[in-house]
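The values are calculated or read from the model by the stated rules, or taken from the named source; none is laboratory data. For clarity, every value in this text was computed on a predicted model and none was experimentally measured. Cβ placement follows ideal geometry from the backbone for every residue including glycine, while neighbour counts extend to all protein chains displayed.
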Amino acid sequence: MLKVDIEAAEKLLAGQFNNINIVRRSTITCHDSPERKFNNGTYITIKIIQGSLIKNDFKTYSRNTDTDYKEGWVYGTNKKFGN
């Protein structure tokens, strides 16, 4: 299990995922301010983290609650390990 809460340094972490293949599950909090959203309302950092996990064969999801502090989490499951 990888749990990350590094207070707005998540984008630095995204480039370091090349050895993440031994991790089964991940939980990463993304600290974006409300003005750092795409036009569709999606936070930029969340998309960066999801993209990095997907590139490393993880299935990702996050909550859709309309509450910023609950939506800032990206959860991942390594496909190599199954469910």
Identify all residues within region 27-79 that are among the hydroxyl-bearing types (S, T, Y) and at pLDDT below 70; write none if there are none. S33, T42, T67, Y69
Where the second residue is modelled with pLDDT under 75 and among the charged types (D, E, K, R) and the first is under 17 Å from I44 (Cβ atoms) and surrounded by 10 or more Cβ atoms within 10 Å (Cβ to Cβ) and lies in region 14-34, which pairs have Cβ atoms under 7 Å and are six or more apart or on separate chains? none
